[in-house]
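Scroll down for the structure; my scribbles are underneath it.
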Amino acid sequence: MNKKIGPLLLSGLMIGPILGSGIILLPPLAYSKLGTASIWSWIIIMVLGALFAMIFSKLSVIHPGDGGMTIAIEQALGKKLKLYSSLLMISAVSFGPTAVLLTAADYLNKLQMLSMVSKSIIALILVIISLIILLNDVQFISTLSFVLSSIIAITLIISSIIVLSRHTIEIDPIQTVEILPLGKVVLLLFWAIIGWEIIGNYSNQVRDIKKTIPQATIISIIVITLTYILISLAIQAFPYSEALSMVQILQSVFGRHAKIILSLFVTGLCLCTYLLIVGALGQLIYSLSSENYLPKVFQRKNKNNIPYIGIMYFITMHIIVLTFTHFEILNIEGILSIANGFFLANAVIGLIASLKIIDGLLYRIGGIILSISLLVILSFSSIEIFIALGVVFLLTLYIDQRRENTILTTNLK
């Protein structure tokens, strides 16, 4: 039987995935758009991120369980929207995490020792490594994530402080920043805070939910905010160019080894993201199966209390997607466009549910702001994404009706 985890280990499951590859990619991008005023976009997004975290951690405390936030959605909006939200997440995770591993593979491929290996093959190896880790108990997974995310966060923070100690950083007053460019960058940076909505799927794996989840959320908010703010300031120490990246910051500590360190950091963060998402959705599939929405085969767990059939479903899907990328049928942009629409729609449903469940003016204002922001981002999706959202909704109606018919038949017998 697996052991319950506490605030530190739970924060390990949060910090690494939410930093993700965004901590590497987004600071130079924001700097390119706003220059020495980019810090204001980070302050805004970190405030929104804190609200995002508080809302979904609160939902996890009020309605804990393997189903995560879908349990709260059922209470607030009904069973059909709960099932729709669940299928949106399953659909997103059937594709999205491969983009995360392909990002890691891209950095590893730049290392001389792996330059001859295809990126999709490197990503496939990372899938297999992830599977081995995911079949272990949650304490092992959270400990590994905590160690990786702690090392990476501490190193990035120290490197940023060293850079800031050696350079004078200019910050444009906020009143001089134009609203439209600032708004566009804030929307772009919204990806830095996506991920909090999944943590509820681990609520059954923690001890003393009412203390552990809020404490872990506070720890994670502090570390994530500090890391992003310091890096966004440190990146301004260098003149912007298309070649500007986190390498320049890491060189302050690691010198010529900075590229290797950066590749390892990206891989570590991407693995943390993959482990959190696939592990959480394995729990969700188990929950849906126990409620007779999905086949009973998904109710199987191994000796570590891990729903391994659900995890194997995702592993299989990811191998198929990576095979498509290897033969250039799909690319990372196509994978992200598919997954992002599902993630956004699901997050909006969760936020609307929070407005009905959680009391408090701060939570309600935060939920409204976040809902509007996500809807604006979703509106930029392609028509194919909206068709896919419609197809998943039709599938929801079919599965729900089939379940009702099964229950009715069983009762008649």
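Throughout, read-outs are computed from the coordinates displayed, never taken from laboratory work. Predicted, not measured: the structure shown is a model, and the values here were computed from it. Glycine also receives a Cβ, built like all others from the backbone with ideal geometry; neighbour counts cover every protein chain displayed.
Within the listed set L88, L281, L226, the Gaussian network model of the chain (springs between alpha-carbon atoms below 10 Å) gives the highest mean-square fluctuation for L226.
Beyond 20 Å, what share of the Cα-Cα pairs of region 254-413 is found? Please give it as a whole percent.
Numbers: 8859 of 12720 pairs.
Counting pairs separated by more than 20 Å, the tail of P(r) holds 70 percent.
Our estimate of slack between T36 and I129, defined as 0.36 nm per intervening residue step minus the Cα-Cα distance, is 29.4 nm.
Here, region 290-354 has an Rg and a Dmax of 15.8, 43 Å when only alpha carbons are counted.
Which FRET efficiency value, to the nearest 0.05, is calculated for R207 and I407 with the Förster distance at 45 angstrom and r the Cβ-Cβ distance?
Calculated value: 0.85.
Taken along its principal axes, the alpha carbon cloud of region 223-308 reaches lengths of 57, 24, 23 Å, longest axis first. Considering only I199, I377, I315, the Gaussian network model of the chain with Cα springs below 10 Å gives its largest mean-square fluctuation to I377.
Over all directions, the average projected area of the alpha-carbon convex hull for region 1-137 comes to how many nm²?
Dividing the Cα hull surface by four gives the mean projection, 11.8 nm².
Distance from the Cα centre of region 79-126 to that of region 348-413, in angstrom? Answer, in whole Å: 24.
Give a quick list of trypsin sites (Lys or Arg not before Pro) in region 1-56 that DSSP marks as loop, anything other than H, G, I, E or B, with at most 12 other Cβ atoms within 10 Å. Intermediate results must be reported in sequence, preceding the final value.
On the way: sites: K3, K4, K33; in loops: K3, K4.
Passing sites in region 1-56 do not exist.
Put the Cα centre of region 1-69 next to the Cα centre of region 213-284 and the gap is 12 Å. Full extension of the segment from Q112 to Q75, taken as 0.36 nm per residue of separation minus the current Cα-Cα distance, would add 8.0 nm.
Counting only DSSP H runs of at least 4 residues, each contributing -39500 (n - 2.57), and dividing by the residue count of the chain, the helix-based mean residue ellipticity at 222 nm comes to -26000 deg cm²/dmol. How many percent of Cα pairs in region 180-231 exceed 15 Å? So the portion of pairs separated by more than 15 Å is 61 percent. With 10 Å bins beginning at zero, the pair-distance distribution over Cα atoms of region 347-413 amounts to 18, 28, 27, 20, 7, 0 %.
Each distinct pair of alpha carbons in region 106-164 adds a 1/r term; the inverse of their mean, the Kirkwood radius, is 13.9 Å.
In a Gaussian network model over the chain where Cα atoms closer than 10 Å are linked, find which of I222, I15, I383 has the largest mean-square fluctuation. Most flexible of the set in this elastic network: I383.
With coordinates expressed along the principal axes, the C-alpha atoms belonging to region 60-193 extend over 55, 48, 28 Å, beginning with the largest. Cα-Cα pairs above 36 Å in the chain: how many percent? Summing the P(r) of the chain above 36 Å gives 23 percent of all pairs.
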